[in-house]
1. If you check every pair at least six apart or on different chains, which have Cβ atoms under 6 Å apart with a residue in the range 14-36 that is without any contact (Cβ under 8 Å) to a residue 24 or more places away in the chain and more than 16 Å from Thr194 (Cα to Cα) first and a residue that is of a type outside the set (Gly, Ala, Ser) and part of a loop (DSSP other than H, G, I, E, B) second?
2. Tell me which residues, restricted to the range 47-101, are polar (S, T, N, Q) and either more than 16 Å from the ligand (Cβ to nearest atom) or without any contact (Cβ under 8 Å) to a residue 24 or more places away in the chain (or both).
3. Within the range 121-145, restricting attention to residues that are of a type in the set (Ser, Thr, Tyr) and touching a strand residue (DSSP E or B) at 6+ places or on another chain (Cβ under 7 Å), which residue is nearest to the ligand (Cβ to nearest atom)?
4. Test each condition in (1) at negative phi; (2) modelled with pLDDT of 95 or more; (3) buried (at least 17 other Cβ atoms within 10 Å of the Cβ) for Tyr23 and report the one that comes out false.
5. Which number in (1) open to solvent by less than 80 Å² (accessible area, probe 1.4 Å); (2) modelled with pLDDT of 95 or more; (3) not β-branched (Val, Ile, Thr) marks the one condition that His144 misses?
6. Report yes if Arg109 is over 28 Å from Ala188 (Cβ atoms) and either of a type in the set (Asp, Glu) or in contact with a helix residue (DSSP H, G or I) (Cβ under 7 Å, 6 or more places away or on another chain) (or both), otherwise no.
7. With the range 149-249 as the region, which helices (runs of 4 or more DSSP H) entirely inside it contain at least 3 residues that are away from the ligand (no atom under 16 Å from the Cβ) and either more than 20 Å from Leu42 (Cβ to Cβ) or at pLDDT 90 or above (or both)?
Amino acid sequence: MGTGGTSGSGSDKTKGAMNIEGYPVKGLSIAGHETCVMFPTLKLAFDIGRFPQQAISHDFLCISHAHMDHIGGLPMYVATRGLFSMKPPTILVPKCIKKDVEQLFEVHRRMDQSELKHNLIGLDVGEEFYLRKDLKVRAFQTYHAIPSQGYVVYSIRQKLKQEYVGLSGNEIKNLKSSGVEITYTITAPEIAFTGDTMSDFIVDQNNTDVLRSRILVMEGEKPERSLSQLCYLFMECGVWSDVKCEHLS
Ligand SMILES: [Zn+2]
């Protein structure tokens, strides 16, 4: 994927990013070579490819599967963040490969005597991890030659219950301090990332949130009939959106 398109906010981290549904998006995906898709404002990257330099500023990394073009740059990502005294990244991997990833880092530590600090989280399909209080990730099933999973990012917002709308600040404060639950939670699927997968994930009953997400990033070929309602955004990397049709040409 190229990094062209509409530019982001102008900060270094979003420079050159495409802006989709309010999220700057960067990345590249060349089948068999390298996949890394980044959401700089969330400090979140999906897969690490060969570790493109721009990925360094992302504190969270979700790995979809262990093919080298998706995970190959992992030790370098961790080592380079260490080199620049950045905080240890949090890395989410399919639970079934967690032990192997731990051993991978052990081997590197033995060889170069570095610390390679990071937090490694094994996540099974259906399990969740909170990136922030208002942002969580859930793993979902994908269908590939080796164990694989995608991730849905959810925003979590508190909204004032209808019956309390219009009350003064003091009244709300009093209600709150008297223990009344004045808000309710809205959880919305924002971004889904599949990594390599066959189209079977689309009909998986447990994956409805994947297709409800505002942004769906697929390791993709050209649109299939079942996806014809979606607009094709990045011909090479497969970032889709059902809203940003104006990007089509
Ligand atoms: Zn693969």
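1. Gly16/Thr3; Asn19/Thr6; Pro24/Thr14
2. Correct list: Gln53, Gln54, Ser57, Thr80, Ser85, Thr90.
3. Residue satisfying both the conditions and the ranking: Thr142.
4. (2)
5. (2)
6. no
7. Qualifying helices (runs of 4 or more DSSP H): 169-177, 208-212.
Residue-wise test of (1) over 14 Å from Leu92 (Cα atoms); (2) open to solvent by less than 10 Å² (accessible area, probe 1.4 Å).
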| residue | (1), (2) |
| --- | --- |
| Thr35 | yes, yes |
| Leu44 | no, yes |
| Phe51 | yes, no |
| Ala55 | yes, yes |
| His58 | no, yes |
| Cys62 | no, yes |
| Ala66 | no, no |
| His70 | no, yes |
| Arg81 | yes, yes |
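The values are calculated or read from the model by the stated rules, or taken from the named source; none is laboratory data. No experiment lies behind these values; they were computed from the predicted model shown. Using ideal geometry, Cβ is built from the backbone for each residue, glycine included, and neighbour counts are taken over all protein chains shown. When the accessible area is computed, the model is the full protein with side chains, heavy atoms only, and any ligands, DNA or RNA have been set aside. Shrake-Rupley method; radii C 1.70, N 1.55, O 1.52, S 1.80 Å.
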